[in-house]
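The values are calculated or read from the model by the stated rules, or taken from the named source; none is laboratory data. Remember, predicted model here, so these are calculated numbers, not experimental data. In this analysis, Cβ positions are derived from the backbone assuming ideal geometry, glycine residues included, and neighbour counts consider all displayed protein chains.
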Amino acid sequence: MLPSSFHIPVMLSEAIESLSVKAGGRYIDCTIGGGGHAAAIMQQSAPGGQLLGIDADPKAIQFAKKRLKEYGSSILLINDNFINLESICFNNDFEPVNGILFDLGLSSLQLNGSSRGFSFQSEAPLDMRFNPNQSITAANIINTLTEAEIAEIIRDYGQEGNYRRIASYITKERPIKTSLKLAQTVVRAVGSRRGKIHPATKTFQALRIAVNNELENLELALKQAVDLLGFEGRLVVISYHSLEDRIVKRYFKRESSNCICPPKVISCTCNHTARLRLINKSVTKPCLKEVKANPRSRSARLRVVERVVNNEEWFVMAERLCFLGKVKAGGRIGMLSQKEPKKTSLVN
Ligand SMILES: C[S@@+](CC[C@H](N)C(=O)[O-])C[C@H]1O[C@@H](n2cnc3c(N)ncnc32)[C@H](O)[C@@H]1O
């Protein structure tokens, strides 16, 4: 039997299929976690596949290093925040790429396997940082912000209706230094039975999002990811709550549109051109079988887009690759060579 801390990769086959993983391709896993998706990418991209794996949590990197040892120098693992995606890739000469995966949120290794305060079911210091070198912890937020500020976090990041009452109980109960004390305080505020989820679920989600700046980080990273994709490169995002999914959905919609003028504008003035193509028009959800086998997958939502390149961008990309010495002027452009726009083809 697997230990409870083992992370089962969510929507694994859907993610690999959506990434359209090819032999010899180059991929980025922005959230390497337990390395489950990464291992499947390596298997599918053999022979010759390469992977850059990122995680903000040094323990995840350590774990993934052991798990993915057999792939040797085909895998590069970096302990960093994915908001630095672009510079990580430039510094390691790892772009353009065939596919990028974000499997957001936290892993079972973090939820169960450590004492970092992510879980409302076990006693631990109220920490909740993915990266232990970051300064702000959940305890800082709970014990130093005003009642109104705490209420706002629980409302905006937890979508919790009882945000005022919970914030009021929290401020009366301070100092709150452990996960169980926080969970008990929430239960006292709202009662112990509220449908299928534990009453503290949304408050814990809100705090984790606030501590790790998760929504802002996602917005910043998505933009960088699109810039790193080669022609027909795929970007796949698995999110676990509607706040994340909304950011992904809106960004994909915007970047796959040829006009982003407000609806009332009669003729287009924005000059926006699509850089992405939607692959799954509506969101993909895990099948019932997966949800039964791994209940943590139940809220997963997968979206996928493909990079398209307009003529103007084609020239900029070609020039950049020439500048970086990745292609001789007038030569073939590696993974970009197969279907370049006809007018601007640089193929000999
Ligand atoms: C759901 S887990 C990924 C699991 C992984 N796909 C697997 O198959 O094992 C999410 C991981 O993303 C990491 N993470 C979350 N936000 C991050 C960020 N902004 N930068 C880097 N890593 C992040 C977490 O530390 C966690 O290890």
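Helices (runs of 4 or more DSSP H) wholly in segment 101-179 with at least 1 residues that are of a type in the set (D, E, K, R) - which ones?
Values: elements: 108-111, 138-144, 147-158, 163-173.
Qualifying helices (runs of 4 or more DSSP H): 147-158, 163-173.
Among the numbered criteria (1) surrounded by fewer than 20 Cβ atoms within 10 Å (Cβ to Cβ); (2) in contact (Cβ under 8 Å) with a residue 40 or more places away in the chain; (3) over 19 Å from the mean Cα position of the chain (by Cα), which single criterion is violated by Leu215?
(3)
Suppose the filter is under 11 Å from Leu101 (Cβ atoms), acidic (Asp, Glu), modelled with pLDDT of 95 or more and in contact with a helix residue (DSSP H, G or I) (Cβ under 8 Å, 6 or more places away or on another chain); does Asp55 pass it?
Values: under 11 Å from Leu101 (Cβ atoms): no; acidic (Asp, Glu): yes; modelled with pLDDT of 95 or more: yes; in contact with a helix residue (DSSP H, G or I) (Cβ under 8 Å, 6 or more places away or on another chain): yes.
No; evaluated as a whole, the condition is false for this residue.
Might you check whether a residue that is on the phi > 0 side of the Ramachandran plot and surrounded by fewer than 14 Cβ atoms within 10 Å (Cβ to Cβ) occurs anywhere in segment 72-85? Give the steps one after another, and end with the answer.
Step one: list which residues in segment 72-85 are on the phi > 0 side of the Ramachandran plot, which gives 72.
Going one step further and asking which of them are surrounded by fewer than 14 Cβ atoms within 10 Å (Cβ to Cβ), we end up with 72.
The answer is yes, given that some residue of segment 72-85 is on the phi > 0 side of the Ramachandran plot and surrounded by fewer than 14 Cβ atoms within 10 Å (Cβ to Cβ).
Can you find a residue that is in a loop (DSSP other than H, G, I, E, B) and surrounded by 23 or more Cβ atoms within 10 Å (Cβ to Cβ) anywhere in segment 195-206?
Yes: segment 195-206 contains one or more residues that are in a loop (DSSP other than H, G, I, E, B) and surrounded by 23 or more Cβ atoms within 10 Å (Cβ to Cβ).
Between a first residue in segment 244-261 that is in contact (Cβ under 8 Å) with a residue 60 or more places away in the chain and a second residue that is part of a helix (DSSP H, G or I) and surrounded by fewer than 19 Cβ atoms within 10 Å (Cβ to Cβ), which pairs have beta carbons less than 9 Å apart while being 6 or more apart in sequence or on different chains?
Pairs that qualify, where the first residue is in contact (Cβ under 8 Å) with a residue 60 or more places away in the chain and the partner is part of a helix (DSSP H, G or I) and surrounded by fewer than 19 Cβ atoms within 10 Å (Cβ to Cβ), are Glu244/Leu215.
If you go through segment 274-305, how many residues are at pLDDT 95 or above and under 13 Å from Leu19 (Cα atoms)?
6
When Ala15 is evaluated against the numbered criteria (1) assigned to a helix (DSSP H, G or I); (2) more than 10 Å from the ligand (Cβ to nearest atom), which criterion, by number, is the only one it fails?
Ala15 satisfies all of (1) assigned to a helix (DSSP H, G or I); (2) more than 10 Å from the ligand (Cβ to nearest atom) except (2).
Only residues that are aromatic (Phe, Trp, Tyr) and within 17 Å of Gln62 (Cβ to Cβ): list them for segment 106-152, please. Steps first, please.
Residues of segment 106-152 that are aromatic (Phe, Trp, Tyr), as a first pass: 118, 120, 130.
Within segment 106-152, just Phe130 meets the criteria.
Please name all residue pairs, on different chains or six or more residues apart, with Cβ atoms under 8 Å, provided the first residue is in segment 287-309 and is more than 25 Å from Tyr251 (Cα to Cα) and the second residue is surrounded by 15 or more Cβ atoms within 10 Å (Cβ to Cβ) and among the aliphatic types (A, V, I, L, M).
Glu290/Val10; Glu290/Met11; Ala293/Ile8; Asn294/Ile8; Asn294/Val10; Arg296/Ile8; Arg296/Val10
Is there a residue in segment 237-251 that is within 16 Å of the chain's Cα centre (by Cα), aromatic (Phe, Trp, Tyr) and more than 30 Å from Asp93 (Cα to Cα)?
Yes, some residue in segment 237-251 is within 16 Å of the chain's Cα centre (by Cα), aromatic (Phe, Trp, Tyr) and more than 30 Å from Asp93 (Cα to Cα).
Is there a residue being within 14 Å of the ligand (Cβ to nearest atom), out of contact with any helix residue (DSSP H, G or I) (no Cβ under 9 Å at 6 or more places or on another chain), in contact (Cβ under 8 Å) with a residue 12 or more places away in the chain and among the polar types (S, T, N, Q) anywhere in segment 107-116?
Looking for residues that are within 14 Å of the ligand (Cβ to nearest atom), out of contact with any helix residue (DSSP H, G or I) (no Cβ under 9 Å at 6 or more places or on another chain), in contact (Cβ under 8 Å) with a residue 12 or more places away in the chain and among the polar types (S, T, N, Q), one finds at least one in segment 107-116, hence yes.
Can you name every residue in segment 236-284 that is surrounded by 19 or more Cβ atoms within 10 Å (Cβ to Cβ), part of a loop (DSSP other than H, G, I, E, B) and among the small types (Gly, Ala, Ser)?
Hits for segment 236-284: nothing passes.
All but one of (1) near the ligand (Cβ under 10 Å from one of its atoms); (2) within 18 Å of the chain's Cα centre (by Cα) hold for Arg67; state the number of the condition that does not hold.
Every listed condition holds for Arg67 apart from (2).
I need every pair where a residue in segment 150-162 that is touching a residue at least 12 places away in the same chain (Cβ under 8 Å) has its Cβ under 9 Å from the Cβ of a residue that is part of a loop (DSSP other than H, G, I, E, B) and of a type in the set (A, V, I, L, M, F, W, C), sequence separation at least 6 or different chains.
Within 9 Å, the pairs are Ile153/Leu145.
Which number in (1) within 29 Å of Glu14 (Cα to Cα); (2) charged (D, E, K, R); (3) at pLDDT 70 or above marks the one condition that Lys339 misses?
(3)
Restricting to segment 40-69, name every residue that is in a helix (DSSP H, G or I) and buried (at least 21 other Cβ atoms within 10 Å of the Cβ).
Ile41, Met42, Ala60, Phe63, Ala64
With the checklist (1) in contact with a strand residue (DSSP E or B) (Cβ under 6 Å, 6 or more places away or on another chain); (2) under 20 Å from Ser297 (Cα atoms); (3) of a type in the set (S, T, N, Q) in hand, flag the one item Ser242 doesn't pass.
All conditions pass for Ser242, except number (1).
Yes/no matrix, rows are residues, columns are (1) farther than 21 Å from Val305 by Cα; (2) more than 13 Å from the ligand (Cβ to nearest atom); (3) touching a Leu at 6+ places or on another chain (Cβ under 8 Å):
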| residue | (1), (2), (3) |
| --- | --- |
| Tyr27 | no, no, yes |
| Gly34 | yes, no, yes |
| Ile54 | no, no, yes |
| Phe82 | no, no, no |
| Cys89 | no, yes, yes |
| Leu101 | no, no, yes |
| Phe118 | yes, no, yes |
